[in-house]
Structure formats: structure tokens, C-alpha cells
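The values are calculated or read from the model by the stated rules, or taken from the named source; none is laboratory data. These figures come from a predicted structure and were not determined experimentally. Don't worry about glycine lacking a Cβ; one is built from the backbone with ideal geometry, like all the others, and counts go over all protein chains shown.
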Amino acid sequence: MRRFRLTALIMAFLLALGLGAVPAAQADSISPDPPGANDFTCRPSAAHPYPVVLVPGTFETMAKNWSLLSPALKEQGYCVFSLDYGVVNGVAASGPVRDSAAELGQFVDSVLAATGARQVDLVGHSQGGMMPRYYMGFLGGAKRVHHLIGIAPSNHGTQGLIAPSPAGMVLDTTATSTLCQACADQYAGSAFMAELNSIGDTVAGPAYTVISTRYDEVVTPYTSQALAGSPKQVTNLVLQDYCPLDTIEHDQAPDDPNVWALVSNALLQVGPADPSFRPLCM
């Protein structure tokens, strides 16, 4: 039987749940809007025609994941939006990834209806950088997405941990999927990962940019985050190729100014990020 380590974070909410049954994922927001996000009166400008939707990672709320990048993008002139998804027993982004992708689709529809835009740019962290690929590839989302930018995305699953701190406790996949289906879905070799990548890493239409860090201790190996595709559609960036002294790890990657610079460059492109761009490393 396949086994893996249960993380400290899963341990904490496992105790809080009292090992109870987990209901279906809910679409309700469980956190406040990040600064600068979810102004549904915002209208995209000619300079920034695509609303930016920020998609959190596993166990992350929009408020925590995007408290710094959201206002930075708003200041640059973007219409910025974000959501909580996959909420199970009050725990964000822990439900089945397929269901979360459907929630993302509903949210994108609401953003497009409010702004009058034809497409959005998606910026996602971890699960939030991978899950939109299911929306785009299986739920008709490709025509609604101009660009997917993944920050440390779990594109091919992880051979390591879903959350940073190992608790030393071992559970089989069946038990853990009851507590966090998103965690089970994101393990390399899972049925979900096989389905997600059965159609290839990309679909026609959207551009793809992946931003990875060599110090990622969660989605491992970090090279598994890269997507295969034409350079006209896909750019894979490794942070340390641009800022060698930057040792940021998985969880804090969305808060890193050097990552922001790479995201901003990607958002300015017609296609994927320009790999020749060099940020002013901080």
C-alpha cells in the first residue's frame, strides 16, 4: 500500500475535525479580500486589458497568499481578483481538485461578466498554479484564459510534502484523501495527475509561464513543475537563474519581490514570459 508522510498542518486540522467525515467542498469565501482585489466595478485599461485572477495554494486563503502581490498589481494598473476555493470543514483549497477547478470556472465567469473582458490572466501558487490547467483542459476554460502563470505549481505532482513541515506520522492514501483530497490528488502518480496530464501539458490557446525555485521543499523535485511545450507558448523560469542569491522556498514564493518582477514581466507579454528579461534582484 502506498504511504506518505502527514504534514504538521494536516495534523492540526485533523485534530480540530475530530477525525470526522468531510463534506463536499464549498465555494464560500472564508477570508477577507486581499488589498486591492475584488473591485467588481474595475474596468480593464487598454494597457492592461486582461483582469488578473490570483489563485491560492493548498490550505491557503486568498487573504494570506496574496496580501502583498495583490496591491502591487493593483498599483500597476491591473484589475485584480481572487477567490477562496475547495473549502472543506473551513480548510481552504483542500477539496478535490476537479471540484475546485469548477469553482474557478464560475469565478472567472463572474469576473468576465463584471469587467466586460473576454479573457483573464491567471496567477496561481502551488495547487493554484496547477489546478487551472484542469479548468482549461477539461472544463472549457481555455477560451477564457489568456495566460496562466504558475508560481511553484504542482504540475506533475510531488514526490515530497504537500505542506512544509513533516510531522513524522505515516498514513495510507485512502485515509489521507478523506482528510485532504487535494493533497492525495497532488502526489506524483495519483489518478488525478494521470488524468490531468493525459492530454499533454498544454492546450491550444493560452500562454503558460512557470516560475520555480530550486529551494522548493514541497513540490519536489522542483524540475517537475516545468511544462513541455513550444517556446511560443511556454516559458519555464527558475528563479535562481536570474537571482542566484535568492533562497526563497515554496511557501513564501508569492511574497518574494523577485518573483513579483517575473510575474509582472509575464503579464506584459502577448505570449509567455520573456526569458531574456532580467529583474533587479533584491
Checklist entry - Would segment 79-94 turn up any residue that is surrounded by fewer than 24 Cβ atoms within 10 Å (Cβ to Cβ), free of Cβ contacts under 8 Å to residues at least 40 places away in the same chain and over 23 Å from H250 (Cβ atoms)? => result no
Checklist entry - Is it fair to say Q225 is more than 18 Å from W66 (Cβ to Cβ), over 16 Å from the mean Cα position of the chain (by Cα) and of a type outside the set (G, A, S)? => result no
Next on the checklist: Quick check on this structure: which one of V87, V55 is at pLDDT 95 or above and farther than 19 Å from V219 by Cβ?
Outcome noted: V87
Item to check | Residue among A37, A24, A46 that is at pLDDT below 95 and among the hydrophobic types (A, V, I, L, M, F, W, C) | outcome: A24
Item to check | Single residue of S230, S264 found to be surrounded by fewer than 19 Cβ atoms within 10 Å (Cβ to Cβ) and not in a loop (DSSP other than H, G, I, E, B) | outcome: S264
Item to check | Qualifying residues in segment 243-258 (those that are crowded, with 18+ Cβ neighbours inside 10 Å and not hydrophobic (A, V, I, L, M, F, W, C)) - the one nearest to R278 (Cα to Cα) | outcome: N258
Checklist entry - Within segment 53-64, is even one residue in contact (Cβ under 8 Å) with a residue 60 or more places away in the chain, of a type in the set (F, W, Y) and either in contact with an Asp or Glu (Cβ under 9 Å, 6 or more places away or on another chain) or surrounded by fewer than 18 Cβ atoms within 10 Å (Cβ to Cβ) (or both)? => result no
Checklist entry - Mind checking which residues of segment 62-86 are under 15 Å from M131 (Cα atoms) and in a loop (DSSP other than H, G, I, E, B)? => result L83, D84, Y85, G86
